[in-house]
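Novice: Pasting in a structure now, in structure tokens, and then I'll have a few things to ask.
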Amino acid sequence: MATLNHLERASRVLPGGVNSPVRAFRGVGGDPVFVRAAEGPWLIAEDGRRYIDYIGGYGPHILGHGYSEIAAAVSEALSRGTAFGAPTVAEIELAELVIDAIPSLEMVRLVNSGTEATMSALRVARAATGRDRFVKFEGCYHGHADPFLVAAGSGAATLGVPSSPGVPEAVTADTLLAPFNDLAAVQELFARHADIAAVFLEPIAGNMGLVLPQPGFLEGLRELCDRHGALLIFDEVMTGFRVAWGGAQEILGVLPDLTTFGKVIGGGLPTGAYGGRRDLMSMVAPAGPVYQAGTLSGNPLAVAAGLAALRQLDGSDAYERLEASGGSLQRGFEAAAQHHAIPLQVHRQGSMLGLFFTADEVHRVEDVDASDHDRFGRVFHHLLAAGVHLPPSPYECLFISLAHGEAEIAQTVESFDRALAAEKDHRKS
Ligand code: PLP
């Protein structure tokens with residue numbers, strides 16, 4: 001029998017060879033890198049090759065991989081036990097820290113993933129308003145719970161149809177869709193439906209590359225929600241503790257009623273959270289009637305990792321440093337594109353970047369769809385061969401960590417410049 005490579009072997013036992021779809025490289029073609037270890041800004045493959053990592057675990061690793069304080073906190077927690085099914089003081093400390101950081105938060109509930117956070121926040125909003133419908137934006141991702149798995153119908157402001165087999169139409173019938181950055185479409189939805197419980201969105205969208213809210217969009221949503229008795233829910237699973245200590249809401253100055261978290265809040269271990277106004281969170285069991293529970297919620301190892309990560313960030317100059325390295329990466333990408341006359345939009349908020357090969361502005365998912373995905377794939381593979389691992393899809397953000405130094409940024413920009421030079425040759429051939 002011929003020896004199987006890792007992907008072939010994995011594909012016999014794991015659907016598509018992976019445990020989460022984007023890892024399979026379907027967005028760029030080719031075989032994924034199987035990772036053995038990671039340190040600082042580096043991924044180390046099974047074959048020993050080293051890559052400058054811009055996946056960042058899809059968001060958690062703001063401090064870089066293998067951060068010593070997190071490792072020490074987790075091993076100390078491990079020595080005391082892995083799961084108690086009883087409350088701990090560390091959970092209070094994490095909750096207090098998160099509430100202190102996030103402007104709109106008065107109470108919080110810890111869960112195990114971003115998906116759990118969003119599905120639970122939606123349940124609270126529906127319970128609090130006694131309404132079932134909610135507005136979701138095309139291109140925003142809120143995890144894989146059924147009500148969020150909705151594809152755009154035709155035209156703006158359409159009713160949701162399931163985007164995955166197995167999701168009953170009845171479950172997405174109450175999901176109303178609007179294009180991101182399109183306040184008029186949301187206005188139209190409110191005019192048509194008197195029973196909207198919530199407007200649910202990533203305030204800075206990180207699941208269609210990186211797409212920023214246009215001036216007035218979030219303020220307009222806040223105003224519409226207030227006028228119609230609906231809740232505004234920010235999904236800050238990606239942006240929370242990533243774009244600023246106080247999340248996107250601190251930067252943008254619009255406060256939601258509920259917020260969801262994941263990624264950075266768990267320091268690389270499985271944790272999510274949702275929280276918000278005290279009157280809303282007081283509805284959650286056992287304080288109130290809205291049921292939500294979890295065997296491993298507030299898990300001691302995950303809480304130790306999250307606390308260690310957040311304590312490193314709290315009051316530090318982390319966000320200024322990330323802004324500096326993010327800016328230098330952005331300028332490098334833009335200079336290379338200009339030098340080779342390749343149309344490219346680079347979006348950035350702090351340490352999150354989106355790369356779109358298009359001459360046009362990108363404000364919603366249709367604009368991302370219209371960008372040059374084939375070119376993204378070629379540039380991705382050129383960089384991979386040069387030891388730079390971008391996320392394998394134009395719909396994912398690049399993440400920079402505090403471990404990415406000037407040398408790594410410079411090497412990335414140089415490789416990017418060579419990848420774009422190769423694009424010119426590709427165009428000629
Ligand atoms: N919400 C947002 C904005 C996300 O980016 C993600 C994951 O990427 C989720 C929710 C789901 O989180 P998880 O994958 O931890 O379930």
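Novice: Please name which of Leu252, Ala90, Val74 has its Cα lying farthest along the dipole of the chain towards the positive end, using unit charges on Cβ (Lys, Arg +1; Asp, Glu -1) and the Cα centre as origin.
Specialist: So the residue furthest toward the plus end is Val74.
Novice: Probe of 1.4 angstrom, ligands and nucleic acids ignored: what's the accessible area per residue over the chain, in square angstrom?
Specialist: Normalised by residue count, the accessible surface of the chain is 41 Å².
Novice: At each listed q (0.23, 0.25 Å⁻¹), what is the log10 of I(q)/I(0) that the Debye formula gives for the stretch 39-102 modelled as equal alpha-carbon point scatterers?
Specialist: Results for the stretch 39-102 at q = 0.23, 0.25 Å⁻¹ read -1.06, -1.10.
Novice: Defining a contact as two alpha carbons under 8 Å apart and six or more residues distant in sequence, what relative contact order in percent does the stretch 1-124 show?
Specialist: 10
Novice: Lys/Arg Cβ at +1, Asp/Glu Cβ at -1, dipole of the chain taken about the Cα centre: which of Gly268, Val22, Gly64 is farthest positive-ward?
Specialist: Val22
Novice: Given 5 Å bins starting at zero, what is the percent of C-alpha pairs of the stretch 295-406 in each, up to the one with the largest pair distance?
Specialist: Taking all Cα pairs of the stretch 295-406, the binned fractions are 2, 10, 16, 20, 17, 12, 9, 8, 4, 1, 0 percent.
Novice: Same structure again: In Å and on Cα atoms, what radius of gyration and Dmax does the stretch 245-313 show?
Specialist: 13.6, 36
Novice: Leaving ligands and nucleic acids out of the surface, order Val13, Val18 by accessible area at 1.4 Å, largest first.
Specialist: The most accessible residue leads, giving Val13, Val18.
Novice: In the chain, carbon and sulfur make up what percent of the accessible area (probe 1.4 Å)?
Specialist: Reported share for carbon and sulfur atoms: 53 percent.
Novice: Can you quote the Å³ per residue value for the convex hull of the Cα atoms in the stretch 1-145, rounded to an integer?
Specialist: Each residue corresponds to 213 Å³ of Cα convex hull volume.
Novice: Could I ask something else about it? Ranked by accessible surface with a 1.4 Å probe, highest first, in what order do Ile251, Ile409 come?
Specialist: Heavy-atom accessible area, descending, gives Ile251, Ile409.
Novice: The stretch 267-316: which trypsin sites (Lys or Arg not before Pro) are DSSP loop and have at most 12 other beta-carbon atoms within 10 angstrom?
Specialist: Filter output for the stretch 267-316: empty list.
Novice: Next question. With only Lys, Arg, Asp and Glu charged, each at its Cβ (+1 for the first two, -1 for the last two), find how big the charge dipole of the chain is about the Cα centre; round to the nearest 20 debye.
Specialist: Computed charge dipole of the chain: roughly 760 debye.
Novice: From zero outward in steps of 5 Å, how is the percent of C-alpha pairs of the stretch 82-226 spread across the bins?
Specialist: All Cα pairs, binned at 5 Å, distribute as 2, 9, 16, 20, 20, 14, 9, 6, 3, 1, 0 percent.
Novice: A further question on this structure: Could you run the Debye sum over the Cα atoms of the stretch 1-76, one equal point scatterer each and no solvent, and tell me log10 of I(q)/I(0) at q = 0.11, 0.14, 0.25 Å⁻¹, two decimals?
Specialist: -0.36, -0.56, -1.22
Novice: Regarding the chain, what is the average projected area of its C-alpha convex hull, in nm²?
Specialist: 22.1
Novice: Need one number: the % of Cα-Cα pairs in the stretch 175-325 sitting beyond the 24 Å mark.
Specialist: That tail contains 41 percent of the Cα-Cα pairs.
Novice: To the nearest 20 Debye, how big is the dipole of the stretch 1-79 about its Cα centre, given +1 on the beta carbon of each Lys and Arg and -1 on that of each Asp and Glu?
Specialist: Its charge dipole is roughly 320 debye.
Novice: In addition: Compute the separation of the alpha-carbon centres of the stretch 60-135 and the stretch 340-376 and state it in Å as a whole number.
Specialist: Computed from Cα coordinates, the inter-centre distance equals 32 Å.
Novice: Next up: Go through Ala385, Leu183, Leu4 and say which Cα lies farthest out towards the positive end of the charge dipole of the chain; charges sit on Cβ, +1 for Lys and Arg, -1 for Asp and Glu.
Specialist: Of the listed residues, the answer is Leu4.
Novice: Same structure again: Which residues' amide hydrogens lie under 5 Å from the amide hydrogen of Val161, considering only partners 5 or more residues apart or on another chain, with H built in the peptide plane?
Specialist: It is Ala151, Gly153, by chain and number.
Novice: Give the distance, in whole Å, between the Cα centre of the stretch 220-254 and the Cα centre of the stretch 257-276.
Specialist: 14
Novice: Before anything else, pin down the relative contact order of the chain: Cα pairs under 8 Å, at least 6 apart, normalised by residue count, whole percent.
Specialist: Relative contact order for the chain comes out at 22 percent.
Novice: Moving on. What percentages make up the Cα-Cα pair-distance distribution of the stretch 366-407 when the bins are 10 Å wide from 0?
Specialist: P(r) for the stretch 366-407, in whole percents per bin: 25, 47, 24, 4.
Novice: Can you tell me the alpha carbon radius of gyration of the stretch 68-166 divided by the globular rule-of-thumb value 2.2 N^0.38 Å?
Specialist: Relative to the rule-of-thumb radius for its length, the stretch 68-166 sits at 1.46.
The values are calculated or read from the model by the stated rules, or taken from the named source; none is laboratory data. Everything numeric in this text was worked out from a predicted model, so none of it was measured. For neighbour counting, all protein chains shown are included, and Cβ atoms are generated from backbone atoms with ideal geometry for every residue, glycine included. Ligands, DNA and RNA are stripped out before the accessible areas are found, and what is left, the full protein with its side chains, is counted by its heavy atoms. Shrake-Rupley method; radii C 1.70, N 1.55, O 1.52, S 1.80 Å.
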